[in-house]
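Comments concern the structure below.
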Amino acid sequence: MAVRTQKLITDDLHVGMFVSGIDRPWRETPFPIQGFHIENRAQLEKIQSLCKWVYVDVQKSRTLSTVAPAQDFSFVSHYFEEKQRKNGRELLNLRIRSMQNQAPYKRLTNLNTEMRQARRVHKRIRDRIKRTLRALTGEGRLSIEDLRDVSNELVNSVIRNPDAFAYLSRIDSHSEDVLNYSIRVASWAVLTGRHLDLTREAMSDLALASLLCKIGYTTIPQEILRVRGTPTPHMNEMLKWSLVKGVKLLRTSDHFSSRVVKLVSHHLERYDGSGFPRGVSGRHIPFMSQVIGLADYYENLVSYDFRDEPLSSADAVRELFSQRDVLFDAALVEEFIQAIGLYPTGSVVTLNDERLAVVIGQNKARLKPKLLILEDQRKPWQIFKRRIVDLANATGEDFIVASQPALPPDSEHRNRHYFRHATSF
């Protein structure tokens, strides 16, 4: 389908283009609200003096120069169309062939059905992790039985429908402990495993290791962990060295396989050798440890747990893309972005008509996800009439103009909108 609307900075405008939207209220300009053609140089200079960027209707424009649209993801969406990504995936498949399923996974349930099941799985995971932590503080030993079952349930839920659990994990980021942080890391990791067609057994290990990757935080005083925002240098050292203590705790248990312990112990290693604790690099890092490390790095960018101001999904993806073959293997970064989506499930976005929405599902067209409308300040009575928007099936009138950072944990807006609508799709 041809692009109907492009977002352009006003320096890239030309006479003959049809301006259908601007970056400020129409009433503050002399231009007609229904849009207009740029007829002459004087009109062009006027729009450039008033606006930084505008929306141009391609079909209505009389002439269009070959100007790239100023989209959030132009830097990555163009790359995915190149042959280089195909070659990268083929090389990645060769490395993980022994861990891959014989056939790609298919979506087995719709969002409505899986959301109910995913809620139960999410609650059981939290309960089992709490039980495991109580056992740790009481007896000093961990038991795998309480976690392996829920890890398998997480994997099964993501296999049936990759959107439901990711959405629930994201909206439940208001917890004051590290439980939900680990669950969200596990969600991103298993989504990537599903995208790469890893076997259920491999994804079960991936989920279990992700849930345990921050187990060392139990050795840090809780009053320190409850302090939200960017950690101090001293706290960063405590968080980093907690990995060593966590791995020791796992090794005291007779139930955890050496494979799972190895995945946890290597998840902070980095592709260029700058990681922790051993500074190993490249292919010497276990592949699934790289997946967990990438999921952990992404979640750290977009959550309030360890940041004063988390990044939007667009900025986080841009950061990941800049770390190809630096902190992470380039092919894995590209597949991770493909797996979670350019606007990941649970992301808050703004539409072209200023409506606020949350992503509830992905489509093959990565820039056109399914959305749940949270707020329409201009027409609040329409929120119930048109609550779900699938951009892949939209006529071109709806499109995303910006992604927003996650809503603050104590946001009244989060409580009022996220959770009210999370129960009824």
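The values are calculated or read from the model by the stated rules, or taken from the named source; none is laboratory data. These figures come from a predicted structure and were not determined experimentally. All Cβ positions, even for glycine, are placed from backbone atoms using ideal geometry, and neighbour counts span all protein chains on display.
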(request) Determine, yes or no, whether V247 is among the aliphatic types (A, V, I, L, M), surrounded by 23 or more Cβ atoms within 10 Å (Cβ to Cβ) and touching a helix residue (DSSP H, G or I) at 6+ places or on another chain (Cβ under 7 Å). (result) no
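To keep it simple, each residue is scored yes or no on (1) more than 19 Å from A202 (Cα to Cα); (2) at pLDDT below 80; (3) touching a Phe, Trp or Tyr at 6+ places or on another chain (Cβ under 8 Å); (4) assigned to a helix (DSSP H, G or I).
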site: H78; (1), (2), (3), (4): yes, yes, no, yes
site: G88; (1), (2), (3), (4): yes, yes, no, yes
site: L92; (1), (2), (3), (4): no, no, no, yes
site: Q102; (1), (2), (3), (4): no, no, no, no
site: T109; (1), (2), (3), (4): yes, no, no, no
site: N112; (1), (2), (3), (4): yes, no, yes, yes
site: Q117; (1), (2), (3), (4): yes, no, no, yes
site: R126; (1), (2), (3), (4): yes, no, no, yes
site: I129; (1), (2), (3), (4): yes, no, no, yes
(message) Return the residues of the range 301-339 that are polar (S, T, N, Q) and under 11 Å from the mean Cα position of the chain (by Cα); say none if nothing qualifies.
(response) S303, S312, S313, Q338
(request) Take W241 and decide whether it is out of contact with any strand residue (DSSP E or B) (no Cβ under 6 Å at 6 or more places or on another chain) and surrounded by 20 or more Cβ atoms within 10 Å (Cβ to Cβ). (result) no
(request) Any chance you could count how many residues in the range 222-246 are in a helix (DSSP H, G or I) and either modelled with pLDDT under 80 or more than 27 Å from the chain's Cα centre (by Cα) (or both)? (result) 7
(request) Residue by residue through the range 302-323, note down the ones that are under 18 Å from D272 (Cβ atoms) and hydrophobic (A, V, I, L, M, F, W, C). (result) L320, F321
(request) Considering (1) under 25 Å from L168 (Cβ atoms); (2) among the polar types (S, T, N, Q); (3) crowded, with 22+ Cβ neighbours inside 10 Å, say which one T350 fails and leave the rest. (result) (3)
(request) Return the only residue of R148, R194, R184 being among the basic types (K, R), modelled with pLDDT under 90 and part of a helix (DSSP H, G or I). (result) R148
